[in-house]
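Peer 1: Structure in structure tokens, see below.
All of the numbers you see were taken from the coordinates with simple rules; none came from a lab. Predicted model only: the values in this text are computed from it and were never measured. Please note: Cβ atoms are built from the backbone with ideal geometry, for glycine as well, and neighbour counts cover all protein chains shown.
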Amino acid sequence: MKKWEADDYQLGATIPLGGTARENMTGSWRSTAIPHFMKGTCQECETPKKDCPDFCADCSDSCQRDCLLCWISCPDACIVMRDGEIQGIDLDYCKGCGICALACPRGAIIMVRQN
Amino acid sequence: MRLNPDAKQAKKDKSMTAKTKGKVTILTGNQAIAEAMRQINPDVVAVYPITPQTDVAERLSSFVADGLLDAEYVPVESEHSAMSACVGAAAAGARAITATASQGLVYMQEVMYIASGLRLPIVMANVNRSLSAPINIHCDHSDSMGARDSGWIQLYSENAQEAYDNIIQAVRIAEHQDVRLPVMVNMDGFIVSHGTEVLELLDDKDVSEFVGEYEPVFSLLDIERPVAIGPFDGLHGHFFEHKMAQVKAMDKARKVTLDVGKEFASLTGRDYGFFEEYRLADAEVAVVVLASAAGTCKIVVDELREQGLPVGLLKLRVFRPFPSAELVGALRHVKVIGVLDRSVSPGLDGGPVFAELRSSFYDMETLPKVMSFIYGLGGREFKPQHASEVFSSLLSSSKTGYLGIRLR
């Protein structure tokens with residue numbers, strides 16, 4: 001990460017670059033809980049039909065594995081996506097708030113205490 | 001009707017130096033500043049109405065609705081939002097203007113520090129009004145004096161003409177590359193804002209040429225050059241260094257204010273510096289005063305001069321940056337100085353102008369006597385008799401204090 005000196009800034013403390021927030025790994029001040037993502041639980045639907053997040057009457061094509069509720073709920077955009085599938089959680093920025101675990105209808109994210 | 005002595009003088013000066021012929025008309029102070037803002041033609045106007053500024057908000061929205069002002073008018077729901085909208089607009093690279101008064105200015109203050117810290121050259125008209133409680137809608141300078149440390153340049157206007165001229169000059173001062181700080185133009189509530197005066201307006205074309213095209217340093221909308229504006233300074237960041245840059249910019253605003261004043265004088269014949277000296281050169285006692293009360297004092301100065309008394313006046317126009325050295329230079333020959341403050345700092349002996357002016361003299365070898373007078377709080381009338389009282393106090397170096405207060 002770049003060490004910013006006073007002279008590096010422009011008028012009004014403006015940073016003359018885009019996307020510099022990525023350099024600041026804010027996951028370093030995460031709470032003691034870390035989300036653990038279970039890919040299988042997310043994508044292989046074994047829950048009873050009444051818990052279907054898409055309210056499908058049967059397991060048709062409209063069934064959405066990777067429902068993305070965690071992705072849309074995460075306040076720090078830490079849910080990593082690739083090719084339309086959730087891959088896991090970016091711990092460089094995750095604060096451990098646990099919203100993803102609460103939002104997941106399939107219990108695919110559990111919060112693990114870390115000492 | 002008593003003719004403003006300045007107007008006569010301005011007319012005389014104008015015939016000698018002015019390049020353009022303005023249009024003489026009759027307007028209230030509020031109409032005058034709304035007209036100046038229309039002629040400046042900003043990109044964004046975000047105003048919330050508040051007495052005694054309401055007229056400005058109404059006129060600006062009418063101008064936009066009638067197609068006379070090509071600006072985005074943001075009908076915000078509060079002054080906090082008005083200033084926030086201006087900050088956002090200015091950060092996006094737009095020329096932004098607002099106007100407020102009193103409680104509205106206080107409500108803006110959180111965002112005013114952000115405007116100056118981000119070095120956004122926003123121009124604001126503040127129609128001076130007292131602060132509650134008790135609730136009062138009339139003039140004093142408590143509102144703008146409360147914002148004196150917010151990093152805004154502050155100009156004060158004696159009459160509608162000066163308010164109009166100051167608004168136009170404010171754009172150039174704010175947007176100057178050495179400054180890039182917001183500017184607040186103050187005008188006395190009701191006394192000037194609702195008083196009808198004869199004044200001279202510039203042509204739209206002349207104002208347009210004088211203020212020029214605004215070129216932002218950064219724009220959030222410039223996708224070729226992405227920037228982050230207003231980021232967190234970090235736990236061990238450079239807040240102090242950024243504040244120092246702001247302090248230096250405020251210092252540079254001194255020269256820029258004078259340069260812009262000179263250029264404006266060559267256009268209009270109306271000369272603007274840090275202050276106006278009125279029969280001061282050979283005065284032994286003098287008052288220092290801001291804004292409309294200067295007019296009342298000038299009449300009394302003339303009367304006392306006719307009686308052979310060595311009295312003079314200094315009307316301060318630029319309060320931030322405070323022109324300490326120049327004030328000392330202009331007043332060093334005066335034996336007794338009376339400072340008239342239209343705001344009060346309970347617990348401090350004297351108002352803000354008094355405290356700062358007297359402090360400016362501290363390093364001088366021979367010190368004048370500097371006396372504090374508080375007047376006109378909550379619009380309490382300041383009459384020639386009060387100015388006479390001040391001058392007799394100064395001539396006898398006697399009592400100081402509060403003018404026109406009703407005692408039981």
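Peer 1: For chain B, what class follows from the C-alpha gyration tensor (a ≥ b ≥ c being the square roots of its eigenvalues): rounded when a/c is under 1.5, otherwise prolate if a/b is larger than b/c, else oblate? Write out the running numbers ahead of the final one.
Peer 2: On the way: a/c = 1.63, a/b = 1.41, b/c = 1.16.
It comes out prolate by the Cα gyration axes.
Peer 1: Still on this model: Rounded to two decimals, what is the ratio between the C-alpha radius of gyration of the protein assembly as shown and 2.2 N^0.38 Å? Could you put the intermediate results ahead of the total?
Peer 2: Working: Rg = 29.5 Å, N = 523, 2.2 N^0.38 = 23.7 Å.
For the protein assembly as shown, the normalised Cα radius of gyration is 1.24.
Peer 1: Taking springs between alpha-carbon atoms closer than 10 angstrom, which of B:329, B:351, B:29 fluctuates most in the Gaussian network model of chain B?
Peer 2: Sorting by GNM fluctuation, first place goes to B:329.
Peer 1: Place +1 on the Cβ of every Lys and Arg and -1 on the Cβ of every Asp and Glu in region B:258-387, take the dipole about the Cα centre, and give the residue among B:347, B:274, B:287 whose Cα lies farthest towards its positive end.
Peer 2: B:347
Peer 1: Turning to a different aspect of this structure: Round to the nearest 0.05 the FRET efficiency obtained for residue A:113 and residue B:236 when R0 = 35 Å and r is the Cβ-Cβ distance. Each step should come with its number before you reach the end.
Peer 2: Details: r = 31 Å, r/R0 = 0.88.
Efficiency computed from Cβ-Cβ geometry: 0.70.
Peer 1: Now for a different question. Specify the angular offset, from 0 to 90 degrees and rounded to the nearest 10, of the alpha carbon long axis of helix B:239-268 from the longest principal axis of the alpha carbons in chain B.
Peer 2: Roughly 70 degrees, rounded to the nearest 10.
Peer 1: Let me ask another. About its Cα centre, what dipole magnitude does the protein assembly as shown give when the only charges are +1 on Lys and Arg Cβ and -1 on Asp and Glu Cβ, stated in debye to the nearest 20? Write down the numbers at each step before the final one.
Peer 2: Numbers: 53 positive and 68 negative charges, 303 e Å.
Dipole magnitude for the protein assembly as shown comes out near 1460 debye.
Peer 1: With the Cα gyration tensor of region B:263-408 giving a ≥ b ≥ c as the square roots of its eigenvalues, does the rule (a/c under 1.5 for rounded; else a/b larger than b/c for prolate; else oblate) give rounded, prolate or oblate?
Peer 2: Details: a/c = 1.28, a/b = 1.22, b/c = 1.05.
Verdict is rounded for region B:263-408.
Peer 1: What nm value, rounded to one decimal, do you get for the distance between residue A:39 and residue B:209 when each label is placed 7 Å out toward the C-beta?
Peer 2: Result: 7.1 nm between the two label points.
Peer 1: Evaluate the relative contact order of chain B (contact order divided by residue number), counting alpha-carbon pairs under 8 angstrom at least 6 apart; express in whole percent. Spell out each step's value before the answer.
Peer 2: Details: 843 pairs, mean separation 67.9, N = 408.
Rounded, it is 17 percent for chain B.
Peer 1: What angle, in degrees between 0 and 90 and rounded to the nearest 10, separates the Cα long axis of helix B:102-117 from the longest principal axis of the Cα atoms of chain B?
Peer 2: So the helix axis and the longest Cα principal axis differ by about 60 degrees.
Peer 1: Another question, then. Scan chain B and report its longest stretch carrying no GluC sites (Glu not before Pro) that are both in a DSSP loop and have at most 16 other Cβ atoms within 10 Å. If you can, show how the numbers build up before the last one.
Peer 2: Values: sites that count: B:77, B:213, B:224, B:284, B:365, B:381.
Longest gap between qualifying sites, sites excluded: B:78-212.
Peer 1: With no solvent and one point on each alpha carbon, what is the Debye value of log10 I(q)/I(0) for region B:117-183 at q = 0.29 Å⁻¹?
Peer 2: Debye curve over Cα of region B:117-183, log10 I(q)/I(0) at q = 0.29 Å⁻¹: -1.25.
Peer 1: Regarding region B:113-262, what whole-number volume in Å³ per residue does the convex hull of its Cα atoms give? Present the calculation step by step, with values, prior to reporting the outcome.
Peer 2: Working: hull volume 22.1 nm³, N = 150.
Taking only Cα atoms, region B:113-262 has a hull volume of 147 Å³ per residue.
Peer 1: Does anyone have the angle between helix B:384-395 and the longest principal axis of chain B? Alpha-carbon axes, 0 to 90°, nearest 10?
Peer 2: Between the helix axis and the principal axis of chain B, the angle is about 60 degrees.
Peer 1: Show log10 I(q)/I(0) for region B:363-404 at q = 0.15, 0.17, 0.32 Å⁻¹, two decimals, from a solvent-free Debye sum over equal Cα scatterers.
Peer 2: Once normalised to I(0) and log-transformed, intensities are -0.42, -0.51, -1.15.
Peer 1: Taking the Cβ-Cβ separation of residue B:66 and residue B:137 as r and a Förster radius of 35 Å, what is the calculated FRET efficiency to the nearest 0.05?
Peer 2: Numbers: r = 28 Å, r/R0 = 0.81.
My answer for the efficiency is 0.75.
Peer 1: With +1 on each Lys and Arg Cβ and -1 on each Asp and Glu Cβ, and nothing else charged, work out how big the dipole of chain B is about its Cα centre, in Debye to the nearest 20. List each step's numbers first, then the result.
Peer 2: On the way: 41 positive and 52 negative charges, 231 e Å.
The dipole of chain B has a size of about 1120 debye.
Peer 1: Remind me, relative contact order of region B:323-383 in percent, using alpha carbon pairs under 8 angstrom and six or more residues apart?
Peer 2: 40
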